[in-house]
Each structure stands twice: as structure tokens, then as C-alpha cells.
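The values are calculated or read from the model by the stated rules, or taken from the named source; none is laboratory data. In this text the structure is predicted, and so the values were computed from the model without any measurement. FYI the Cβ positions are ideal-geometry reconstructions off the backbone, even for glycines, and counts take in every protein chain you see. For the accessible areas, the whole protein counts, side chains as well, though only heavy atoms, and no ligand, DNA or RNA atoms are used. Shrake-Rupley method; radii C 1.70, N 1.55, O 1.52, S 1.80 Å.
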Amino acid sequence: MAGLTHPNLVVLTGAGLSAESGVPTFRGSDGLWEGYRVEEVASPGAFKQTPELVHRFYNMRRASLKEVQPNAAHHALVRLEKEWPGSFLHVTQNVDDLNERAGAKKLLHMHGELKKVRCTGCRAVFTWEEDLDKYTPCPECRVTGTLRPDIVWFGEMPYYIEEITRALETVDIFICIGTSGVVYPAAGFARLAVEKGASRLIEINLEATEITSHFTEQRHGAASVEVPRLVGQLLSELA
Ligand code: NAD
């Protein structure tokens, strides 16, 4: 980053970041997501038709967070957040809590969080650790059948788009880790970063993706190895 002492950095992460912690990624080879078809469990229509199934799926995913731990890639990103001299924003598509358990603070969950639920009636949002079903009353308005996982399902508008777009307006370095680049709008951020003048775009993934052509550097390998390596390099380049 010749000439820039405080470059602005935006990091976009996807399911590949948490894969080595034991959280399954989205696109399995069988086309199923943890044994389910995506449209059965991750759409507003599915929740309307079969809320029991949707609750069961998210209860299982929420409970399985107790079995996993942040990996070296989550920890390295927190090191980068703490030591980076310019502005730093980590945008994650992940709904697990592994980044915050590693200590992340400058983090936006654009697709929601497994450990949050919200009421479709009174709109209150709650931190939620336990199971949920269609008989669970909303702690705020006491109505039953209105609580849902605070997850952005297919066809719904992701969170924090304004903040993310603002950060991309002035981004110098854009880093993309463990995302297949097929879920929009996140898949469009790399192109937007190019249009806004980012001079360095780095992709870390096991393989080339749909959006690889936007990046100035591709690093193929496991996030737990490549992210700590990249963070070490970026911080030493500034030293
Ligand atoms: P995806 O499953 O479509 O793609 C995962 C990507 O990660 C792939 O390109 C794969 O090659 C790469 N990858 C897998 N293991 C890796 C590793 N060890 N190191 C580096 N790269 C690795 O995931 P996505 O692009 O994030 O989109 C999926 C959607 O599903 C998102 O909307 C997200 O909300 C949701 N999701 C979240 C989680 C989670 O919270 N951990 C898990 C699964 C799905």
C-alpha cells in the first residue's frame, strides 16, 4: 500500500471461515444444507407453511453452537481489528457467534444471528440461547406464534446495507474469506469495492469462486492457515 499509512479495510466473511470450527458450510455436494433443502427451512414461505420444521432446524443450529469454538482465522481477524491503524469493518454473512467469541467488536451480521429472535408482531428483538417453538410467547407482547429466528432468509433484505455501502465508498483494501460469491447482495461487494477505487482486493478460499475475477490476489487454502498468514503480512507491511 505505497503512500497509504492508514488504509481503510473491509473484510467480508462467509461460511468457509467457520468450516474448520465444525460449522457446516451451505453448499454441500449433495445440494442439502445439514440434511434439508434450503427452501424448506430458510424462506418466509417455509416459516408460514411449516413453522415446526423451521424452528427445529434453527433450534438444532443454535444448540450446535455450544459444540464449536472459534478457530485461528477468527482470532487472526480480531488481531487485525485491534492493530489496524485505519478504519476497519468486518461484515459477516455467518449467523454463528464465533467472531464475537474470539473478541470481534467492529462486526456486522448482515444475515442475522442464530442467537437472536424477533417478534413479527411487536418487532422486539431478544438474545436467545434456548429452543423456540410456535407456542413460545413473545417476552414483550406475550403473543404466541410470532417469534422467529432473527435470520435473513432468502427473499428478505439483509441488514446494515447502508453502513456497509458507506464503508465500501472509501475502502482501500477489501478482503473476502470463505464465501462462494453466489448470495447477493454480498456477492456484489467485491465489484463495488473495485468501482469505488480499492487498490488491493484479496480473496481467501479453498478454490476459485464466481467472483474471483474481481480480486488482485487469490490465496487458495484453508482459512485457519491463510488468514493468520495474511494478517501477519498486512501488519508487518505497515510497521
Ligand atoms: P457457502 O457455503 O456458499 O460457501 C462457502 C465457501 O467457503 C466456499 O466457496 C468454499 O470453497 C469455502 N470454504 C470452505 N471451507 C473453507 C476453508 N476451510 N477455508 C477457506 N474457504 C473455505 O457460504 P456463503 O458464501 O457464506 O453463503 C452461504 C449463506 O449461508 C450465507 O448467507 C450464510 O448466512 C449462510 N451460512 C452461514 C453459516 C455460518 O453461520 N457459519 C454456515 C452455513 C451457511
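Below is a table of values for the structure above.
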read-out: Inter-site label distance for Lys82 and Gln218 at 7 Å from Cα along Cβ, in nm; value: 3.4 nm
read-out: Under the Debye formula (equal points on every Cα, no solvent term), log10 I(q)/I(0) of region 54-190 at q = 0.12, 0.15, 0.17 Å⁻¹; value: -0.55, -0.83, -1.02
read-out: Calculated FRET efficiency for the pair Gln69/Glu156, C-beta based, R₀ 22 Å, to 0.05; value: 0.15
read-out: Charge dipole (the chain, unit charges on Cβ, about Cα centre) - positive-most of Thr25, Val125, Leu12; value: Val125
read-out: Residues Thr136 and Tyr36, FRET efficiency given R0 of 25 Å [Cβ-Cβ distance, rounded to 0.05]; value: 0.75
read-out: Positive-end residue, region 171-214 charge dipole about Cα centroid, Cβ charges, pick of Val182, Ala193, Ser213; value: Ala193
read-out: Karplus-derived 3J(HN,Hα), 6.51/-1.76/1.60, for each residue of region 48-64, Hz, glycine and proline x; value: 5, 7, 9, x, 4, 5, 5, 4, 4, 4, 6, 4, 5, 5, 5, 5, 5
read-out: Under 19 Å from the Cα of Lys106 - aspartates and glutamates, other chains or at least 8 residues apart; value: Glu81, Glu83, Asp96, Asp97, Glu162, Glu163, Glu169, Asp172
read-out: Most mobile listed residue (Arg142, Arg61, Arg79) in the chain, GNM with C-alpha springs under 10 Å; value: Arg142
read-out: Nearest-20 debye value, region 33-139 charge dipole, Cβ charges on Lys, Arg, Asp, Glu; value: 300 debye
read-out: Under-5 Å amide H pairs with Phe88, H placed in peptide plane, nonlocal only; value: Leu9
read-out: Rounded to whole Hz, the Karplus (6.51, -1.76, 1.60) HN-Hα couplings of region 139-153, x for glycine and proline; value: x, 8, 9, 6, 7, 9, x, 9, 6, 9, x, 8, 10, 7, 8
read-out: Reciprocal mean inverse distance between Cα atoms of the chain - Kirkwood radius, Å; value: 18.7 Å
read-out: Computed magnitude of the charge dipole of the chain (debye, nearest 20; Cβ of K, R +1, Cβ of D, E -1); value: 380 debye
read-out: Solvent-accessible area per residue for region 147-188 (1.4 angstrom probe, square angstrom); value: 41 Å²
read-out: Candidates Ala46, Ala193, Ala15, ranked by Gaussian network fluctuation over the chain, Cα under 10 Å, top entry; value: Ala46
read-out: Within region 124-166: Cβ-based charge dipole about Cα centre, in debye rounded to nearest 20 (Lys, Arg +1; Asp, Glu -1); value: 180 debye
read-out: Surface share of carbon and sulfur [accessible, 1.4 angstrom probe, percent] for the chain; value: 51 percent
read-out: Percent antiparallel among DSSP beta bridges (both partners in the chain, rounded to 5); value: 30 percent
read-out: In Å², nearest 10: area of Ser213 left accessible to a 1.4 Å probe; value: 110 Å²
